[in-house]
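Each value in this text was obtained by applying a stated rule to the coordinates, not by laboratory testing. Here the structure is a predicted model, which is why all the values come from computation and not from measurement. Don't worry about glycine lacking a Cβ; one is built from the backbone with ideal geometry, like all the others, and counts go over all protein chains shown.
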Amino acid sequence: MGKKFFFLMALVISTITTNGQTQRIDSTAVYLLHRTGETLQDIKSCSFTAITTYDVPNESLGLIKHSINDKVAIKFPDKMKVTSTGDKGNRALWYNGKKLNYYSLDNNTYGFTTAPGSVIQTIDEASKKYGIEFPGADFFYPTFLQDLLSEQGTLFYLGKTIVDGRESYHIAGSDKTKSFQFWIGNDDLFLPIKLVIVYTSDKDKPQYEALYKDWTINIDYPDSMFEFTTPPKATKVKLAAKENIK
């Protein structure tokens with residue numbers, strides 16, 4: 001951990017020196033997010049619930065909030081299941097290391113696509129190609145913190161607070177297109193508790209918020225859990241590019 005952390009600190013100091021007039025980085029905030037990244041890179045498996053709300057512009061009513069409840073299970077490096085309920089319907093995704101399967105419980109339809117050999121690569125490809133978004137995905141990227149710092153914005157540690165009954169570290173920052181806040185658990189694992197993004201470059205300034213709860217770490221999930229079985233009378237459909245299912 002030490003060598004990684006010192007490398008990140010050197011990066012921060014260099015960035016501040018180069019962009020001293022526009023970028024302000026708090027080393028405590030960097031350290032806390034680094035610890036979160038360390039945990040999520042080292043675990044063998046995890047599951048959690050993500051409760052997300054997001055704004056959709058309405059011509060007469062302004063921003064209308066919608067919500068999704070996702071239950072996620074991941075077995076690294078190449079297994080994942082996501083079950084979603086909410087304003088976009090009831091659906092599920094299974095990834096078994098070879099295929100990404102999608103099933104709509106509302107329509108009894110299913111589709112699939114070949115997938116890369118890791119969870120992170122599959123998340124990346126499915127997002128870019130099909131518009132499928134995965135809750136909490138950013139935290140699992142190995143370059144999450146480096147990408148955040150490269151945006152030449154600000155990052156501050158604001159102190160401790162209580163979120164969803166859990167003590168957490170509060171971090172806030174901004175870049176050219178958005179402001180963001182993270183709440184990180186005050187425990188040995190430093191797991192994410194909450195995320196808020198405000199898209200400040202948009203005239204309506206829509207928000208995205210996610211609450212992460214019910215974390216379990218390093219459970220030995222059976223591989224069969226990530227296999228999709230076609231339900232009776234289900235209709236096969238083709239996954240359309242950028243259909244933006246969540």
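Only one entry in I197, I171, I219 is of a type in the set (V, I, T), touching a Leu at 6+ places or on another chain (Cβ under 8 Å) and touching a residue at least 12 places away in the same chain (Cβ under 8 Å), namely I171. Scanning the range 108-121 for residues that are among the polar types (S, T, N, Q), free of Cβ contacts under 8 Å to residues at least 60 places away in the same chain and farther than 16 Å from A241 by Cβ yields a total of 2.
Any residue that is part of a loop (DSSP other than H, G, I, E, B) and more than 28 Å from A92 (Cα to Cα) - is there at least one of those in the range 223-244? Taking every residue of the range 223-244 in turn, none turns out to be part of a loop (DSSP other than H, G, I, E, B) and more than 28 Å from A92 (Cα to Cα). Of these, F134, F139, which one is closer than 22 Å to G37 by Cβ, in a helix (DSSP H, G or I) and not polar (S, T, N, Q)? Matching residue, one of F134, F139: F139. Checking each residue in the range 142-155 for being under 17 Å from P192 (Cβ atoms) and outside any helix (DSSP H, G or I) picks out P142, T143, L155. Inspection of the range 203-222 finds no residue satisfying the criterion of being farther than 26 Å from D42 by Cβ, touching a Ser or Thr at 6+ places or on another chain (Cβ under 6 Å) and loosely packed, with under 13 Cβ neighbours inside 10 Å. If you go through the range 174-194 and pick out every residue that is without any contact (Cβ under 8 Å) to a residue 40 or more places away in the chain and either part of a strand (DSSP E or B) or of a type outside the set (D, E) (or both), you end up with 12. Total residues in the range 115-131 satisfying the condition of being in a loop (DSSP other than H, G, I, E, B) and either more than 22 Å from T53 (Cα to Cα) or acidic (D, E) (or both): the figure is 4. Summed over the range 53-74, the residues that are over 20 Å from Y103 (Cα atoms) and either assigned to a strand (DSSP E or B) or touching a residue at least 12 places away in the same chain (Cβ under 8 Å) (or both) give a count of 11.
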